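Engineer: The structure's right below; bear with me while I get my questions together.
The values are calculated or read from the model by the stated rules, or taken from the named source; none is laboratory data. Since the model is a prediction, treat every value here as computed from it, not as a measurement. Backbone-built Cβ (ideal geometry, glycine too); neighbour counts: all protein chains shown.
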């Protein structure tokens, strides 16, 4: 996997006494201590994070946690006091912290585009003139510019509105213009600074869906700042949680939910619905941990109601429920099944926990079996596994 | 007089003498330069007035009304402008009005030409603005009569010194409003420009100036109004126009003449104000 953006020990301090503040950071001082002693504001300290090409990496935290500060280091809207921010520029990598103005401008025009919380549209320009801003600044000839702008406007369904002024549009539409402006430069890296925070919840959800759809097609590298964990869990392939200018935890969404690194993260996820994040894989018991009987029989649950007979290739040869032969049915069809006692549902590791629970409900609390892509038995989920995951015990 | 005051008065700081010596030095050494400049300027202004006076008054009034229509796209305004100018012709003050108009437009244009760049500079460099601020205050609050004197000694009588006095008086407004406009460009759109790789000059021309334009245009309107108010004073050092009439009316206590010339200035002020308001209310 190629690295698109690499933060290496990034410290950002706002104020005149850079050297003094950095020394205090090294001594492990908090933001409040640094402010009191030097009058400088600690933006972020010792931040290291690798963002791979094509992923959506979400920076999370309360306001003032340094998430926007770190994001804005990527295109040097914030000046880094110490450390490196390596950004992929074609075949090579550029350290944004030390590169010259010409390189920086080229990066901003061609490699890194940005979407702002307050949209940042120019109110005296029409929608199409706004979308073309990046291309205009980069000196793209007018004919080509028009063509690319038109394409982007179609992508975000705003082609009908191209001649309107930005302030004539609703908030959601304005941010679509912001998105189109960022896409128009065809920059592979996209910085999104709380892009949907200023929108009402319905529009926010809609734009999140649209972003995910576009991302499936465009495969950009997106660094996304958010203070909304539901949003982060929904769109992020990686989540980084920040507090007081420092990174507290980085991981996949389910890592954050299942294994919070400290109380701050635990508080953060306290109100998150685990059903929206967890998959069957996160809650299953591995087949090696299950109780094995004679002749290749394996008990799927602790109550010993259901067992599978596994052959030498890991495939299921027979199934029994309450001592009687049972059929095994895919979770994917759970909606269409009648409630029969002799059914055992199976799922893939990627099946959502919600579907697994539905399957259990349908089969009168029978365990759900998990199979991999080659139909091999990998583990099982009993009712206790589900309860402990949901209750986080 | 008490001894302390007497002591202080006896040791008066000779500010007046220093000023006089400074201007004496200028007149002694650069008199020819100033006079040549003054003569050239007088020639330009008088020439322009003469050309405009060659045009029949009603035709010129029509042309100005047409310009008003072009700027504002408003029929009532164009008709109003035309009627106002007809009133001035009717009062037999056309020649003086044209002189005043040339002076005012030239002064406002020069003040903007100098003030806008200074305002942009001040907006980008807060330190520069801190230094500029007291100078601007001085230019605006020093009683006009005070700097009529040195300007008179340097440039002599005529339209040119009148123009220079007016420009000095008006520049601070142009600077202040430009500064205000550029400083209050929303940070989010400046950052948007930067984030998409704007150079410093692209940022100025494509982001800052368009955003500040309404405020800068308000500065233009203000400059024109202030120039008009300065015209009466400029007449004291020989600038022609409606100011001369008012001064003459004052000297000979002619209420009728004062009223006529005064009303002509009001009409001119309203006409210019409405004509230049256009950019503010226009494209948003």
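Engineer: For residue A:179, state whether it is in a strand (DSSP E or B) and more than 10 Å from every other protein chain (Cβ to nearest Cβ).
Structural biologist: So residue A:179 does not fit the description; no.
Engineer: For the subset of region B:118-139 comprising residues that are surrounded by 15 or more Cβ atoms within 10 Å (Cβ to Cβ) and free of Cβ contacts under 8 Å to residues at least 40 places away in the same chain, which member is farthest from the chain's Cα centre (by Cα)?
Structural biologist: Filtering region B:118-139 for residues that are surrounded by 15 or more Cβ atoms within 10 Å (Cβ to Cβ) and free of Cβ contacts under 8 Å to residues at least 40 places away in the same chain, the one farthest from the chain's Cα centre (by Cα) comes out as B:121.
Engineer: Test of understanding: among A:57, A:48, A:81, A:63, which residue is more than 14 Å from chain B (Cβ to nearest Cβ) and out of contact with any strand residue (DSSP E or B) (no Cβ under 8 Å at 6 or more places or on another chain)?
Structural biologist: After ruling out the rest, the residue left standing is A:63.
Engineer: Checking residue B:157 against (1) more than 14 Å from chain A (Cβ to nearest Cβ); (2) in a helix (DSSP H, G or I), only one condition comes out false. Which one?
Structural biologist: Failed condition: (2).
Engineer: For region A:74-96, name all the residues that are over 25 Å from the mean Cα position of the chain (by Cα) and surrounded by fewer than 18 Cβ atoms within 10 Å (Cβ to Cβ).
Structural biologist: A:79, A:91, A:92
Engineer: Of these, A:186, A:128, A:147, which one is over 20 Å from residue A:104 (Cβ atoms), in the same structural domain as residue A:59 (by TED's automatic domain parsing) and out of contact with any helix residue (DSSP H, G or I) (no Cβ under 7 Å at 6 or more places or on another chain)?
Structural biologist: It is A:147.
Engineer: Please name all residue pairs, on different chains or six or more residues apart, with Cβ atoms under 7 Å, provided the first residue is in region A:10-36 and is without any contact (Cβ under 8 Å) to a residue 40 or more places away in the chain and on the phi > 0 side of the Ramachandran plot and the second residue is surrounded by 15 or more Cβ atoms within 10 Å (Cβ to Cβ) and part of a loop (DSSP other than H, G, I, E, B).
Structural biologist: A:15/A:40
Engineer: Quick one: which of B:53, B:101 is under 26 Å from residue B:258 (Cα atoms) and either more than 16 Å from the chain's Cα centre (by Cα) or not in a helix (DSSP H, G or I) (or both)?
Structural biologist: Criteria check complete, one pass: B:53.
Engineer: Shifting gears a bit: Taking region A:153-170, which residues are touching a residue at least 40 places away in the same chain (Cβ under 8 Å) and more than 13 Å from every other protein chain (Cβ to nearest Cβ)?
Structural biologist: A:155, A:156, A:169, listed by residue number.
Engineer: Return yes or no: is residue B:68 buried (at least 17 other Cβ atoms within 10 Å of the Cβ), part of a helix (DSSP H, G or I) and within 23 Å of the chain's Cα centre (by Cα)?
Structural biologist: Yes; evaluated as a whole, the condition is true for this residue.
Engineer: Continuing with the same structure: Looking at region A:364-378, which of its residues are surrounded by fewer than 24 Cβ atoms within 10 Å (Cβ to Cβ) and either out of contact with any helix residue (DSSP H, G or I) (no Cβ under 8 Å at 6 or more places or on another chain) or assigned to a strand (DSSP E or B) (or both)?
Structural biologist: Residues satisfying the conditions are A:364, A:371, A:372, A:373, A:374, A:375, A:376, A:377, A:378.
Engineer: Given A:296, A:323, A:314, which one is more than 20 Å from the chain's Cα centre (by Cα) and without any contact (Cβ under 8 Å) to a residue 12 or more places away in the chain?
Structural biologist: So the residue among A:296, A:323, A:314 that is more than 20 Å from the chain's Cα centre (by Cα) and without any contact (Cβ under 8 Å) to a residue 12 or more places away in the chain is A:323.
Engineer: Follow-up. Which pairs turn up if I take residues in region B:196-215 that are more than 8 Å from chain A (Cβ to nearest Cβ) and look for partners that are assigned to a helix (DSSP H, G or I) with beta carbon separation below 6 Å, at least 6 apart in sequence or on another chain?
Structural biologist: Partner pairs satisfying both residue conditions: B:203/B:193; B:208/B:182; B:212/B:181; B:212/B:182; B:214/B:280; B:215/B:177; B:215/B:180; B:215/B:181.
Engineer: Related question: Scan region B:233-245 and give yes if some residue there is surrounded by fewer than 17 Cβ atoms within 10 Å (Cβ to Cβ), more than 14 Å from every other protein chain (Cβ to nearest Cβ) and either in contact (Cβ under 8 Å) with a residue 60 or more places away in the chain or within 25 Å of the chain's Cα centre (by Cα) (or both), otherwise no.
Structural biologist: No: region B:233-245 contains no residue that is surrounded by fewer than 17 Cβ atoms within 10 Å (Cβ to Cβ), more than 14 Å from every other protein chain (Cβ to nearest Cβ) and either in contact (Cβ under 8 Å) with a residue 60 or more places away in the chain or within 25 Å of the chain's Cα centre (by Cα) (or both).
Engineer: Name the residues in region A:353-374 that are without any contact (Cβ under 8 Å) to a residue 60 or more places away in the chain and more than 31 Å from the chain's Cα centre (by Cα), would you?
Structural biologist: A:362, A:363, A:364, A:365
Engineer: Now for a different question. Scan region B:183-195 residue by residue and report those that are assigned to a helix (DSSP H, G or I), crowded, with 19+ Cβ neighbours inside 10 Å and either more than 9 Å from chain A (Cβ to nearest Cβ) or touching a strand residue (DSSP E or B) at 6+ places or on another chain (Cβ under 7 Å) (or both).
Structural biologist: B:195
Engineer: Does residue A:281 fit the bill of being touching a strand residue (DSSP E or B) at 6+ places or on another chain (Cβ under 9 Å), without any contact (Cβ under 8 Å) to a residue 60 or more places away in the chain and either surrounded by 18 or more Cβ atoms within 10 Å (Cβ to Cβ) or closer than 17 Å to residue A:389 by Cα (or both)?
Structural biologist: Considered against the rule, which asks whether it is touching a strand residue (DSSP E or B) at 6+ places or on another chain (Cβ under 9 Å), without any contact (Cβ under 8 Å) to a residue 60 or more places away in the chain and either surrounded by 18 or more Cβ atoms within 10 Å (Cβ to Cβ) or closer than 17 Å to residue A:389 by Cα (or both), residue A:281 comes out as no.
Engineer: For region A:98-117, enumerate the residues that are surrounded by 20 or more Cβ atoms within 10 Å (Cβ to Cβ) and either more than 12 Å from residue B:198 (Cα to Cα) or in contact with a helix residue (DSSP H, G or I) (Cβ under 8 Å, 6 or more places away or on another chain) (or both).
Structural biologist: Selection gives A:108, A:109, A:111, A:112, A:113, A:114, A:115, A:116.
Engineer: Moving on to the next point. Given the condition in the same structural domain as residue A:220 (by TED's automatic domain parsing) and farther than 25 Å from residue A:231 by Cβ, answer yes or no: does some residue in region A:50-62 qualify?
Structural biologist: Checked region A:50-62: no residue is in the same structural domain as residue A:220 (by TED's automatic domain parsing) and farther than 25 Å from residue A:231 by Cβ.
Engineer: Could you pull out the residue among B:217, B:225 that is within 28 Å of residue B:89 (Cα to Cα) and either at pLDDT 90 or above or crowded, with 19+ Cβ neighbours inside 10 Å (or both)?
Structural biologist: B:225
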